[in-house]
Amino acid sequence: MQTMTKTYKNLVGGVQKESSSNDFFEKYNPADKNELLGKFPKSNQKDLDEAVNQAKKAFEIWKNTPAPKRAEVLYKAAQITLEQKEELAQILTKEAGKPLVEARGEIQEVIDTYMFFAGEGRRIYGLTGQSELHNKSIITIRQPIGICGLISAWNFPSAVPSWKIAPALITGNVVILKPSKDAPMSGYRLVENLYKAGLPEGCASILFGSGDFGDLIVRHPDIKVISITGSTEVGKMVYETCGRMLKKCALELGGKNAIIGLEDANQDLLLEGVLWGAFGTAGQRCTSTSRLILQKSSWSERFVERLANAAKKLVVGNGLNEKNQIGPVITASHMQSIHGFTERAIKEGGKVMCGGKILTGGEYDKGNFYEPTIISSIKPNMELACSEVFGPVLAVIEVKDFEEAIKVANNTEYGLSLSIYTKDITLAMQAANRLESGIVYINAPTIGAECGGAAAFGGWKDTGNGSREGGVMALDTYTQYKTIYIDYSNKLQRAQID
Ligand code: UN1
């Protein structure tokens, strides 16, 4: 079918603007390399400066708009997103590859995020404290910081930008979004819909570009907050620059997530959980389960066979077809990188229980399809046990007991999401206490974080720098405190002296 290729423009402060570079990159459907989804501008410094100038003006208006009024934009945006849910899910599947059912879930995550942070508009609490002096009060309030540069990843091109946009806007900041060049379309719709919801001109911009352009955002002196979801390697460089410029910086980086299966686990529940955690989104979530740490037991060997048989039955194909459960991986080069992990794991002594190959023939030749892969006999220090793959490859590591399971689970530089399956409440809670990750699941897989007050999303160790998204803690990234002393004694009172 012949379709017209759309050439996108940046959306600067709500208005479509050509990039002065007059240069473009192309985005193809990962399930069909013949389908060109759009051409996107390669933005440059001049484009960015223009967006920053707009944002500066808008900030003066937006920061002085009462937060419950700002919330009305997010409520409305949630409603518009709900109305467009099916259409937005289709766009998402086309650009990121994930099956429609998952894409709908991601759009729901945007709606949930907008609703939650809109609610925060009537909270954004500070503190009221006691003064050491008479007739004097101390209050601490949160205030916005300014222009926030938001750099998002391709695997969640709707939900992840919304995690950044919503807390930034509700607290009175203005935003400039750079989506990944591998999934640029969903972000565009997100920003467009904010304006449909009544966002004042200039408060949000989306500018397209690659990593080099992201670097210009990070280095721009007037952009005071940076929030980035990406690799640990890039995150470290961004943090360094932000450190030198004393910018606030929120990092959501890599993961090497694991499910521990103890010998008393509900086997059927564990099986379902591992399948979903490892192969949902073709293993391309920061939270994907890439290790199964299985306690050796009377059933463990048989369990890995059952798991492999179930994985073989997963239907891989274009996510737009409702019968397919696993979509493509994002690019051909990413697929080669995933395959490299498999090949090296085999060389190191890993045993392929299922998968292990790039899928070919028929519709597979059109896209980047990788077989759901399970490799057993992985030892805790092998590459597949330690490095992030970001694809549908599960390493199975056998351990003798609970102690070893905890040790192996923590034996990684990352610390995003860890899980344990057991019926023993004592062991479950001890694990929750000792696992070194920002998120712990008990009897549920490592993926599927929610949005809500207590549902902080973020990692320990090399997964980040302590910032959180999704929960009320996200407000910390986008606000600065101001302490106000009110002295109504009508005389000079000297603290620490009088
Ligand atoms: C990510 O992969 O960057 O917890 C985000 C989850 C999703 C978000 C993942 N709600 O799996």
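A few remarks follow.
- Among the residues of segment 1-48, the ones that are surrounded by 14 or more Cβ atoms within 10 Å (Cβ to Cβ) and within 21 Å of Leu169 (Cα to Cα) come to 6 in all.
- Entry remark, segment 213-242: residues being more than 17 Å from Glu413 (Cβ to Cβ) and hydroxyl-bearing (Ser, Thr, Tyr) number 3 in total.
- Subset tally (residues that are part of a loop (DSSP other than H, G, I, E, B) and either within 11 Å of Leu394 (Cβ to Cβ) or away from the ligand (no atom under 15 Å from the Cβ) (or both)) for segment 272-291: 1
The rows are residues; the columns are (1) among the hydrophobic types (A, V, I, L, M, F, W, C); (2) surrounded by 15 or more Cβ atoms within 10 Å (Cβ to Cβ); (3) farther than 18 Å from Glu263 by Cβ.
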{"site": "Glu403", "(1), (2), (3)": "no, no, no"}
{"site": "Ser417", "(1), (2), (3)": "no, yes, yes"}
{"site": "Ile420", "(1), (2), (3)": "yes, yes, no"}
{"site": "Thr426", "(1), (2), (3)": "no, no, no"}
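- Being within 24 Å of Leu36 (Cα to Cα) and not assigned by TED's automatic domain parsing to the domain that holds Pro184 is a property that Gly340 lacks.
- Options Gly362, Gly319: the member that is small (Gly, Ala, Ser) and touching a residue at least 60 places away in the same chain (Cβ under 8 Å): Gly319
Let's see how each residue does on (1) more than 16 Å from the ligand (Cβ to nearest atom); (2) in contact with a Cys (Cβ under 7 Å, 6 or more places away or on another chain); (3) closer than 30 Å to Leu216 by Cβ; (4) of a type in the set (Ser, Thr, Tyr):
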residue: Asn64; (1), (2), (3), (4): yes, no, yes, no
residue: Val101; (1), (2), (3), (4): no, no, no, no
residue: Glu109; (1), (2), (3), (4): no, yes, yes, no
residue: Arg123; (1), (2), (3), (4): yes, no, no, no
residue: Gly126; (1), (2), (3), (4): yes, no, no, no
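- Residue that is farthest from Tyr414 (Cα to Cα) [pool: residues in segment 446-459 that are crowded, with 18+ Cβ neighbours inside 10 Å and either near the ligand (Cβ under 9 Å from one of its atoms) or among the basic types (Lys, Arg) (or both)]: Cys451
- Residues within segment 460-492 that are of a type in the set (A, V, I, L, M), away from the ligand (no atom under 16 Å from the Cβ) and without any contact (Cβ under 8 Å) to a residue 24 or more places away in the chain, tallied: 1
- Count - residues of segment 399-423 that are in contact with an Asp or Glu (Cβ under 6 Å, 6 or more places away or on another chain), away from the ligand (no atom under 16 Å from the Cβ) and of a type outside the set (Val, Ile, Thr): 3
- Condition check for Asp462: surrounded by fewer than 22 Cβ atoms within 10 Å (Cβ to Cβ), closer than 17 Å to Ala405 by Cβ, at pLDDT 95 or above and not aliphatic (A, V, I, L, M): no
- Residue among Leu294, Leu216 that is in contact with a Leu (Cβ under 7 Å, 6 or more places away or on another chain), away from the ligand (no atom under 16 Å from the Cβ) and either more than 19 Å from Ala159 (Cα to Cα) or polar (S, T, N, Q) (or both): Leu216
- Residue, farthest from the ligand (Cβ to nearest atom), within segment 226-255, restricted to residues that are surrounded by 18 or more Cβ atoms within 10 Å (Cβ to Cβ) and over 28 Å from Ser288 (Cα atoms): Lys247
- For segment 146-160, the set of residues classified as more than 11 Å from the ligand (Cβ to nearest atom) and closer than 12 Å to Ile228 by Cα consists of Cys148, Gly149, Leu150, Ile151, listed by residue number.
- In segment 256-287, the qualifying residues are those that are out of contact with any Lys or Arg (no Cβ under 6 Å at 6 or more places or on another chain) and among the acidic types (Asp, Glu), and the one that is surrounded by the fewest Cβ atoms within 10 Å (Cβ to Cβ) is Asp268.
- Number of the exception - Gln267 against (1) within 13 Å of the ligand (Cβ to nearest atom); (2) over 21 Å from Phe390 (Cα atoms): (1)
- Restricting Glu413, Glu404, Glu348, Glu371 to those that are under 30 Å from Lys94 (Cβ atoms) and of a type in the set (Asp, Glu) reduces the list to Glu371.
- Flag for Glu450 being in contact with a Lys or Arg (Cβ under 7 Å, 6 or more places away or on another chain) and either more than 26 Å from Leu275 (Cβ to Cβ) or not assigned by TED's automatic domain parsing to the domain that holds Phe116 (or both): no
The values are calculated or read from the model by the stated rules, or taken from the named source; none is laboratory data. None of the values given here were measured: they were computed from a predicted structure. FYI the Cβ positions are ideal-geometry reconstructions off the backbone, even for glycines, and counts take in every protein chain you see.
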